[in-house]
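I have placed the structure first, in the form of structure tokens, so that the comments after it can refer back to it.
The values are calculated or read from the model by the stated rules, or taken from the named source; none is laboratory data. Source: prediction; values computed, not measured. Please note: Cβ atoms are built from the backbone with ideal geometry, for glycine as well, and neighbour counts cover all protein chains shown. Ligands, DNA and RNA are excluded from the accessible area calculation, which covers all protein heavy atoms including side chains. Shrake-Rupley method; radii C 1.70, N 1.55, O 1.52, S 1.80 Å.
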Amino acid sequence: ERAAAEEPAAEEVVPEQREEFPIIGKLSVTNGRLTYRDPAEKLEISSRFSEVLGSGKRGERTVTLEGEGRLEGRPFTLTATAGSLKRLRDDDVPYPVDIKAAVGKTKLAVEGTLMQPLAVKDIDMRLDLRGPNLAEMFPIFGIPIPTTPPYSLSGELRRQGSAWIFKNFDGRVGDSD
């Protein structure tokens, strides 16, 4: 019989208010490694991070993360910058994020703010996605798409409550928009 400590969590543990996020005075990870495995989805991300830095309490140093690894056998890179750890606790101020990721030749850039970053709600972002073939997005997003010529898609991505909104977008697949 499994011990209670081995049982999966019955529910997500996310602070209801941003100010409930624990106070972190300083965060520094050098030459770290992060591995994420999801056997049901046949997904494995193994990354090495050269540096993760951040400070809170009195500090306003932004949180930065750089890493590389493999996703579905393809090279994976990630560069992310976010607001300070102190700002993460401030409910009234949008939390800024700037993320650039690549899986093989597929590139994603997201920049904007989150009002509830711990619950990934109230998102206001600028999204830019491009690559040589839309079918290569399947291992990333789990959406089966037929083979296409090179593509690009950019626009405003928002999440308000449970609604996802993508507007003011521009997209091309091959020579077609």
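With each label modelled as a point 7 angstrom along the Cα→C-beta vector, the residue 72-residue 31 pair spans 3.3 nm. Give the Rg/Rh ratio for the stretch 65-177, taking Rg as the radius of gyration of the Cα atoms and Rh as the Kirkwood radius, to two decimals. Radius of gyration over Kirkwood radius for the stretch 65-177 works out to 1.00. Accessible area per residue for the stretch 85-167 is 55 Å², calculated with a 1.4 Å probe on protein heavy atoms, without ligands, DNA or RNA. Between residue 135 and residue 120, the contour length at 0.36 nm per residue exceeds the alpha carbon distance by 2.8 nm.
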